[in-house]
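Quick notes on the structure that follows.
Any read-out appearing in this document is the output of simple, stated calculations on the displayed coordinates, not a laboratory observation. Remember, predicted model here, so these are calculated numbers, not experimental data. Because the Cβ atoms are built from the backbone with ideal geometry, glycine has one as well, and the counts that use them run over all protein chains shown.
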Amino acid sequence: MKQISSLLAGGLIISWPQLTIRFAAIILLSLCGCAGGPTKDYYNPAVVGAKFQEPITMALVEDLKAEKEKCVRDGYTVIGTTDYSGKVPEAVELLAQAKRVHANHVIYSCRFIPAPPGSWSFGFGNGFGAGGSGGGRNDVHIVFLGR
C-alpha cells in the first residue's frame, strides 16, 4: 500500500496512518478522565428552593446513613445528595455546592476501593502521565442539609 504523506507546519512529514493513530490516541486519552467529577455535577435535589442561612458546617463521617437519620431527628431537612466514584471532594467544592443549594450542613463519606489484582491504570497530573498496576477509586456520598 502506498503511504500518503502530509506536510505539517514546521516541515514535519507524517504519514496518514501515523496521523490517524495519533488522532485516535488523543481522542481516547481525552475521554479517560471523565469518570469522577465535581460535587455539583452529580447533585440530586430533594428540596428545590430551600433558603437556609449560613454558617455552613461540614463533617466527614464513617456511617453516612446513621448520621443522616440523626440529623433528620435533630430537625434538619435533606436538601439533596451527591453520589459518585472518583476524586475525594475538596472542602471548597463542598462549600460552594452548599451555598448554591442554600444548605447549612454537609455530611459526607469517602471510602477507597482498591482496584482488583492485575488491573492497570493511567492518569495525567501536573503535566505528566503516570500509570501502572494498582490504583483504585473513591466511593463518595454527600448529603446536603438545612435547618
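Any idea how far the Cα center of the range 39-56 sits from the one of the range 73-110, in Å?
Cα centroid to Cα centroid, the span is 8 Å.
Quick one: length gained pulling K51 to V88 fully straight, 0.36 nm per residue minus the C-alpha distance?
Extending this stretch completely gives an extra 10.6 nm.
Multiplying the sequence separation of D74 and R100 by 0.36 nm and subtracting their Cα-Cα distance, what value in nm do you get?
7.1 nm
Return the Rg/Rh value of the range 39-146, two decimal places, where both radii are evaluated on C-alpha atoms and Rh is the Kirkwood radius.
Looking at the range 39-146, the ratio lands at 1.07.
Need the list of lysines near K99 for cross-linking: C-alpha distance under 30 angstrom, and skip anything on the same chain fewer than eight residues off.
Hits, sequence-local ones excluded: K40, K51, K65, K68, K70, K87.
Kindly put L95, L145 in sequence by how many other C-beta atoms sit within 10 Å of each C-beta, fewest to most.
In order of increasing Cβ crowding within 10 Å: L95, L145.
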